[in-house]
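Beneath this line is the structure, given in structure tokens, with notes to follow.
Where a number appears in this text, it was derived from the coordinates with a stated rule and is not lab data. It should be emphasised that the depicted structure is a prediction, and the values quoted were computed from it without experimental measurement. Don't worry about glycine lacking a Cβ; one is built from the backbone with ideal geometry, like all the others, and counts go over all protein chains shown.
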Amino acid sequence: MSEPGTPTFDQLRIFLAVVETGSFAGAGRRLNRATSVISYGIANLEAQLGLSLFERQGTRKPRLTVAGQAVLAEARSIGQGVDGLRAKVRGLLQGLEAQVDLAVDVMLPSAWLGEALRAFYEEFPTVALNLHVEALGAVTALVLQRKAVIGISGPLAADMPGIENVIVGSVPLIPVASPDHPLAKEDALHPGMGRDHVQLVLTDRSPLSEGRDFAVVSPHTWRLADLGAKRALLREGIGWGNMPKPMVEDDLRTGKLVKLAMPDETGVSYRMSGIYRSDSPPGPAAAWLLERFVKVGQERQGEIRA
């Protein structure tokens with residue numbers, strides 16, 4: 001059995017163009033080549049691999065063979081890898097950024113943010129920073145819209161097409177209420193009691209998170225786009241809600257809020273990830289900052305365990 005040859009990237013690019021446009025002529029228009037050149041490129045690719053990639057009989061449009069379908073996944077992976085490499089090099093050739101646009105989730109502990117940005121300022125004193133603080137899907141939306149080159153996002157960005165992510169850490173969310181709230185006054189809470197009271201829920205205006213809720217159990221909700229406002233309402237005794245533990249530690253210590261011992265609480269963690277567009281990797285300064293967030297998250301993770 002003979003070994004397959006090594007196809008060129010240009011041959012793979014022609015193959016992908018035919019698949020994506022649905023015709024040899026369409027691939028020619030996309031790549032600005034004659035249809036005969038596209039046909040020749042596919043023939044050479046098939047000869048290199050020793051496989052027929054397209055059906056030749058009984059079809060007017062190119063249709064992938066079983067072998068062609070198997071090769072397609074690998075070709076796409078190679079194409080994405082080369083595109084990522086070119087984008088990365090393009091950023092390096094452009095040199096150090098004049099400004100880094102950063103979007104962070106409101107759930108990110110302020111200590112993590114402060115430590116990472118202080119180190120960034122010391123490392124890159126000439127690079128300006130534009131900081132956006134958003135909730136839920138709004139962080140990913142800013143990155144997708146190129147209004148932020150990197151983001152520190154919650155779990156909603158995990159499976160978003162076109163987004164690369166790296167784990168930064170997770171923040172425990174704990175159910176809290178004012179000591180005057182009915183749930184706080186109960187001697188013992190029973191499963192499902194949270195459903196009988198208003199739950200304050202963080203929300204945002206991004207369509208990316210539309211119809212998706214995080215740790216919502218009550219049918220009676222007040223929805224707020226500001227985490228600080230949610231904390232203030234909780235302290236006033238208006239409803240109960242899940243809050244990031246680092247943000248309410250002082251309130252728990254002073255008695256302005258109490259942790260609710262809900263028997264059906266499953267220990268919710270809000271995972272934080274560093275994200276960027278697959279086709280626009282961060283430049284040197286932004287990449288350094290992203291790595292710093294990962295380091296800070298790893299070092300601080302144990303400090304906030306519930």
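Based solely on C-alpha atoms, express the radius of gyration and the Dmax of region 105-145 in angstrom.
Considering region 105-145 through its Cα atoms, Rg and Dmax are 11.8, 31 Å.
Could you order the peptides 78-84, 13-19 from most to least packed, using the average number of other C-beta atoms within 10 Å per residue?
In descending order of packing, they fall as 13-19, 78-84.
Classify region 83-187 from the C-alpha gyration tensor, please: rounded if a/c falls under 1.5, else prolate or oblate depending on whether a/b exceeds b/c.
Prolate, because a/c is 1.5 or more and a/b exceeds b/c.
Starting from the amide H of THR221, placed 1.01 Å from N in the peptide plane, find each other amide H under 5 Å away whose residue is 5 or more places distant or on another chain.
GLN199
Please give the per residue volume of the convex hull enclosing the alpha carbon atoms of region 1-148, rounded to a whole number of Å³.
Roughly 195 Å³ of hull volume per residue.
Compute the relative contact order of region 23-88 as a whole-number percentage, counting only Cα pairs closer than 8 Å that sit 6 or more residues apart in sequence. Write down the numbers at each step before the final one.
Numbers: 39 pairs, mean separation 13.0, N = 66.
With pairs under 8 Å counted, the relative contact order is 20 percent.
Give me the dipole magnitude in Debye, nearest 20, for the chain about the Cα centre, with unit charges on the beta carbon: positive for Lys and Arg, negative for Asp and Glu.
980
Using amide H atoms built 1.01 Å from N in the peptide plane, name the residues 5+ places from VAL216, or on other chains, whose amide H lies under 5 Å from its own.
Residues meeting the criterion, in which the H sits 1.01 Å from N, do not exist here.
Using the Kyte-Doolittle scale, which helices in the chain average at least 0.0 and also have C-alpha atoms spread 20 Å or more along the helix axis, with helices defined as whole DSSP H runs?
35-49, 66-93
Taking H placed 1.01 Å from N in the peptide plane, check which residues at least 5 places from HIS132 or on another chain put their amide H under 5 Å from its amide H.
For HIS132, whose amide H was placed from the backbone, the distant partners under 5 Å are LEU102, ALA103, VAL104.
Projecting each Cα onto the charge dipole of the chain (Lys/Arg +1, Asp/Glu -1 at the beta carbon, about the Cα centre), which of LEU53, GLN145, LEU156 comes out farthest on the positive side?
So the residue we want is LEU53.
Helix-only mean residue ellipticity at 222 nm, the chain, DSSP H runs n ≥ 4 weighted -39,500 (n - 2.57), per residue, nearest 500. What is it? Walk me through the intermediate numbers first.
On the way: 10 runs with 126 residues, N = 306.
Dividing the helical sum by the residues of the chain leaves -13000 deg cm²/dmol.
P(r) for the chain: what percent of alpha-carbon pairs falls in each 10 Å bin, starting at zero?
6, 21, 22, 18, 15, 11, 6, 1, 0
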